[in-house]
1. Evaluate region 42-54: report whether one residue or more is touching a Lys or Arg at 6+ places or on another chain (Cβ under 9 Å) and not charged (D, E, K, R).
2. Which members of region 70-99 meet the condition of being closer than 11 Å to C185 by Cβ, crowded, with 18+ Cβ neighbours inside 10 Å and not charged (D, E, K, R)?
3. Output the number of the condition that A194 fails; it satisfies all remaining conditions of (1) under 16 Å from L111 (Cβ atoms); (2) open to solvent by less than 60 Å² (accessible area, probe 1.4 Å); (3) without any contact (Cβ under 8 Å) to a residue 40 or more places away in the chain.
4. Might you let me know whether region 128-138 holds any residue that is aromatic (F, W, Y) and within 30 Å of F34 (Cβ to Cβ)?
5. Since A211 meets every condition but one in (1) over 30 Å from L91 (Cβ atoms); (2) surrounded by 14 or more Cβ atoms within 10 Å (Cβ to Cβ); (3) small (G, A, S); (4) touching a Leu at 6+ places or on another chain (Cβ under 9 Å), which condition does it not meet?
6. If G176 satisfies all but one of (1) in a loop (DSSP other than H, G, I, E, B); (2) touching a residue at least 40 places away in the same chain (Cβ under 8 Å), what's the number of the condition it fails?
7. Condition (residue is touching a strand residue (DSSP E or B) at 6+ places or on another chain (Cβ under 6 Å), at pLDDT 95 or above and either open to solvent by less than 40 Å² (accessible area, probe 1.4 Å) or assigned to a helix (DSSP H, G or I) (or both)) applied to region 136-147: is it met by at least one residue?
8. Is it fair to say F217 is in a helix (DSSP H, G or I) and of a type in the set (F, W, Y)?
Amino acid sequence: MENRLKTGISNVTKLVEFVLLGFSDIPNLHWTLFGIFLVIYLTILMCNSIIILVTRIDSALQTPMYFFLGNLSFLEICYVTVTIPRMLMDLLTQKGNISFFACAAQMCFVLMFGGSECLLLTVMAYDRYVAICNPLHYSLIMNHKVCVQLVTVSWISGVPVVIGQTCQIFSLPFCGSNTINHFFCDLPPVLKLACGDTFVNEIAVYVVAVAIVMVPFLLIVVSYGKIISSILKLSSAKGRAKAFSTCSSHLIVVILFYGTATITYLQPKPNQSEGVGKLISLFYTVLIPTLNPIIYTLRNKDIMVALRKLLTKILI
């Protein structure tokens, strides 16, 4: 057993870098893709920064709901910054070389921020549950201290697990190809390159995915089950419409994010097509962070009013 461990370590140390294939299969479009992803990245940065700004400076938005939304926007900025700049550089240079350490760091941060988003979306569902199902005690239950604690737990609780899993994956022997058919170091394509039996590692991935993805999702489902039940009991049609409107944006984001994350991390390894996996990853690392601020602003009257106030102050 000791010899096998030494062999595994020697194989890992020999592999100094991976090569991300990215979009090299469509070289004629690399400048077009560079332009599209650059615009998308700048849009994500700008839109989420505006949401953070208005939720911080507008007195009407100093509520738990917008405190969580501001944190989600900051999390989205962190999340896309781990993947898109690297992808832009690879499209610009037409080289996908990434060091062993940089690949491990990128995977760790992607999983860390992804896990934090799962937990933060759960916290936001709990906030809506308390607001609609227990409105008289809302301000007492969701006080500032509790909100800060919930956000802190969302950010840091998954960190030890993610670091442990990343170390476990990158301690495997990589004695074959170093080419990753992806645009970033995601867990499934990197695990495919490992030599030997990776069954234990795959089980560990499923366990962590269930803990970080499925358990929060089930909590969200339970929260929304109770929310919908409470909304339907309201006698006023206007009240029902208002209650649904405050939840609809969050529910859309949850469905989009959890749908793609579940397909990526809970699908059996042999059934994962690299092309489909790349497309799904593109959806949850690029498209959803682009849609999130649009969904939250266009469907939220309070934020639209705050944006108009901000624009008025800037222009006058």
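The values are calculated or read from the model by the stated rules, or taken from the named source; none is laboratory data. All values reported here derive from a predicted model rather than from experimental measurement. Cβ placement follows ideal geometry from the backbone for every residue including glycine, while neighbour counts extend to all protein chains displayed. When the accessible area is computed, the model is the full protein with side chains, heavy atoms only, and any ligands, DNA or RNA have been set aside. Shrake-Rupley method; radii C 1.70, N 1.55, O 1.52, S 1.80 Å.
1. Among the residues of region 42-54, at least one is touching a Lys or Arg at 6+ places or on another chain (Cβ under 9 Å) and not charged (D, E, K, R), which makes the answer yes.
2. Start the filter on region 70-99 by keeping residues that are closer than 11 Å to C185 by Cβ, which leaves 82-83, 86, 96, 98-99.
Now narrow it down to the ones that are crowded, with 18+ Cβ neighbours inside 10 Å: 82-83, 86, 96, 98.
Residues satisfying the conditions are V82, T83, G96, I98.
3. (1)
4. So in region 128-138, the residues aromatic (F, W, Y) come out as 129, 138.
Filter once more, so that each one left must be within 30 Å of F34 (Cβ to Cβ): none.
No, region 128-138 contains no residue that is aromatic (F, W, Y) and within 30 Å of F34 (Cβ to Cβ).
5. For A211, the failing item is (4).
6. Failed condition: (2).
7. First pass over region 136-147, keeping only residues touching a strand residue (DSSP E or B) at 6+ places or on another chain (Cβ under 6 Å): none.
No.
8. Considered against the rule, which asks whether it is in a helix (DSSP H, G or I) and of a type in the set (F, W, Y), F217 comes out as yes.
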